[in-house]
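The values are calculated or read from the model by the stated rules, or taken from the named source; none is laboratory data. Nothing here was measured: the structure is a model prediction, and the numbers come from that model. Here the Cβ positions follow ideal geometry from the backbone for every residue, glycine too, while neighbour counts run over all protein chains shown. These area figures cover heavy atoms from the full protein model, side chains too; ligands, DNA and RNA do not enter into them. Shrake-Rupley method; radii C 1.70, N 1.55, O 1.52, S 1.80 Å.
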Amino acid sequence: FGSPAAPLLGWLHRPAGVARAVGVVLCPPVGSEYGCSYYLLRVVAERLARAGFPVLRFDYQGAGDSSGADTDPARVRAWRDSIALATDTLKQQAQVTSVSLLGLRVGALLACHAAASRPDVASLVSWWGVGSGRKYVRNLRLYGMAATGSGAPATGEVESGGYVLAAATLDDLARLDPAAEPPAPGTRVLFIQRDDQPLDEALAAKFTEMGRRAEVWSRGGIEAIGKTPHESTIPEGLVTELVAWYDTAHPETMGVATDRKSTRLNSSHLVISYA
């Protein structure tokens with residue numbers, strides 16, 4: 001979907017039975033965390049679809065099976081544009097009028113900024129979000145130096161798990177601050193944090209002061225996402241709890257029955273695979 005010159009690849013999970021009036025766009029991490037969380041996001045999409053939510057999971061431009069490369073210029077803008085295209089595509093394909101953005105790690109930061117400019121975002125879920133772009137970039141640089149056993153490269157880029165983030169990309173990421181671009185008033189916001197790390201409620205408190213309905217969960221099992229892909233596990237209890245949260249937050253339905261199927265999207269055709 002998107003421009004034929006720079007197509008994105010996505011998977012549309014259609015619900016079984018009556019569809020909800022709100023669709024869910026899954027915003028993945030980048031770099032090595034993308035591979036570690038790939039199966040988790042697929043499971044989340046399938047469980048939400050089973051609960052009636054149309055779900056679109058996709059690859060950013062320059063990542064995964066979408067066009068482009070991680071060394072292309074203006075990566076952060078491309079990622080944010082990818083979320084906008086994914087949102088519009090889900091609304092068109094599933095005939096929903098509003099969406100929820102669910103972002104994991106840096107995907108949560110990108111989703112937060114995407115929600116700031118879209119009144120059609122009904123809720124935002126930040127799953128183990130990176131907090132701020134500045135903090136995320138600092139941790140990436142420290143990780144890169146620890147992995148190579150040397151100082152920061154003269155080029156300013158960072159390689160993490162075989163993925164390269166150029167200096168310009170890191171600079172753009174460091175400028176992202178969710179507190180400076182909150183979602184629209186009335187948006188429901190859920191922050192899911194690891195229970196083995198200090199609880200940070202500052203951003204949720206700030207959003208609440210601004211008229212957003214924000215809450216914070218502290219849960220276990222999330223740390224498995226950060227391991228290598230073959231070591232990652234699914235936090236079953238948390239996934240079940242998350243689906244229940246969506247069920248309560250968005251109970252409205254469209255009253256239209258659909259066949260359960262998953263659709264692979266690209267710029268030229270649809271490939272239907274029955275679940």
Worksheet, complete the sentence: Only one of Ser117, Ser100 is in contact with a His (Cβ under 9 Å, 6 or more places away or on another chain) and either of a type in the set (S, T, N, Q) or open to solvent by 40 Å² or more (accessible area, probe 1.4 Å) (or both), namely Ser100
Practice prompt. Could you tell me which of the residues Ser67, Ser82, Ser32, Ser37 is touching a residue at least 12 places away in the same chain (Cβ under 8 Å), of a type in the set (Ser, Thr, Tyr) and farther than 27 Å from Ala224 by Cβ?
Written response: Ser67
Worksheet entry | region 7-29: number of residues that are surrounded by 24 or more Cβ atoms within 10 Å (Cβ to Cβ) and closer than 16 Å to Asp88 by Cβ | 9
Response to the item:
Flagged in region 189-213 as in contact (Cβ under 8 Å) with a residue 60 or more places away in the chain and surrounded by 20 or more Cβ atoms within 10 Å (Cβ to Cβ), in numbering order, are Val189, Leu190, Phe191, Ile192, Gln193, Leu203
Practice prompt. Sort out which residues of region 25-60 are under 17 Å from Leu109 (Cβ atoms) and assigned to a loop (DSSP other than H, G, I, E, B), and write them in order of number.
Written response: Pro28, Pro29, Val30, Gly31, Tyr60
Practice prompt. Search region 55-74 for residues being open to solvent by 10 Å² or more (accessible area, probe 1.4 Å) and charged (D, E, K, R), and hand back the single one that is nearest to Leu26 (Cα to Cα).
Written response: Arg57
Item to complete: Assess whether Val216 counts as being surrounded by 15 or more Cβ atoms within 10 Å (Cβ to Cβ), farther than 20 Å from Gly131 by Cα and β-branched (Val, Ile, Thr).
Response: no
Worksheet, complete the sentence: Taking region 84-97 and keeping only residues that are more than 12 Å from Pro54 (Cα to Cα) and surrounded by 24 or more Cβ atoms within 10 Å (Cβ to Cβ), one is left with Ala86
Discussion item. Just to be sure I understand, how many residues within region 219-249 are at pLDDT below 90, surrounded by 15 or more Cβ atoms within 10 Å (Cβ to Cβ) and of a type in the set (Val, Ile, Thr)?
Written reply: 2
Worksheet item: With (1) over 11 Å from the mean Cα position of the chain (by Cα); (2) within 20 Å of Tyr136 (Cα to Cα) as the list, and Ile83 as the residue in question, which single condition is left unmet?
Response: (1)
Discussion item. Quick check on Ser262: is it part of a strand (DSSP E or B), modelled with pLDDT of 95 or more, hydroxyl-bearing (Ser, Thr, Tyr) and under 20 Å from Val44 (Cβ atoms)?
Written reply: no
